[in-house]
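The values are calculated or read from the model by the stated rules, or taken from the named source; none is laboratory data. The structure displayed is predicted, hence computed values, not measured ones. All Cβ positions, even for glycine, are placed from backbone atoms using ideal geometry, and neighbour counts span all protein chains on display.
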């Protein structure tokens, strides 16, 4: 058993997963907003949904699954269109959200499953992530591992661990600040987040033109 190789691949996967997850984008804004709403588990599941979507792309890059990669490339336009519309809808919904003290009913209406799946599909709607993973793997000296199922699986497990670790850190940090934020500040954060998400949506949709 090449234990040192497996350990190296696992930690390289953690590094790549963490780096891919860190940039602030629509999912991160959504995760922060949901954590600040008082439902910290919802925020965590939002992050885990994004982490799983990142892992899907990491799996494709690690195993070099040409068929799936070709599918993503062929339907790239539709995936990005779906992502842009989804981001815009979420942004408008957040902007129109009321103050926390009046938001108890709407918080309960957003289920944990919805929190997880919305973040998963939102992250999955950006096929450029596949190219980023391929570049990241190449940068740390990891090529396609379709000839070794075990090695590729360990690398993918590392990616999921790294990405999930970042989202856990983010939600924990936001949770610690939650009780120090007033209703007025939360409303400002909500509206700023909504505007930023709509801005991301416009960027995605305009890139299709």
Exercise for the section: Just one of (1) surrounded by 15 or more Cβ atoms within 10 Å (Cβ to Cβ); (2) under 15 Å from residue 31 (Cα atoms); (3) modelled with pLDDT under 80 trips up residue 164, so point out which. Expected result: (3)
Exercise for the section: Output yes when any residue across the range 92-112 is buried (at least 19 other Cβ atoms within 10 Å of the Cβ) and modelled with pLDDT of 75 or more, and no when none is. Expected result: no
Exercise for the section: May I ask you to say which residue of 123, 172 is within 20 Å of residue 93 (Cβ to Cβ) and either modelled with pLDDT of 75 or more or within 14 Å of the chain's Cα centre (by Cα) (or both)? Expected result: 123
Handout entry: Index of the failed condition, residue 85 passing every other in (1) loosely packed, with under 15 Cβ neighbours inside 10 Å; (2) modelled with pLDDT of 80 or more; (3) under 30 Å from residue 6 (Cβ atoms)
Key = (3)
Completion exercise
Within the range 1-60, residues on the phi < 0 side of the Ramachandran plot, touching a residue at least 60 places away in the same chain (Cβ under 8 Å) and not in a helix (DSSP H, G or I) come out as 22, 25, 37, 39
Practice task
Output the number of the condition that residue 56 fails; it satisfies all remaining conditions of (1) at pLDDT 85 or above; (2) exposed (fewer than 14 other Cβ atoms within 10 Å of the Cβ).
Solution key: (2)
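Yes/no matrix, rows are residues, columns are (1) under 17 Å from the mean Cα position of the chain (by Cα); (2) crowded, with 19+ Cβ neighbours inside 10 Å; (3) modelled with pLDDT of 75 or more:
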| site | (1), (2), (3) |
| --- | --- |
| 115 | yes, yes, yes |
| 130 | yes, yes, yes |
| 149 | no, no, yes |
| 179 | no, no, no |
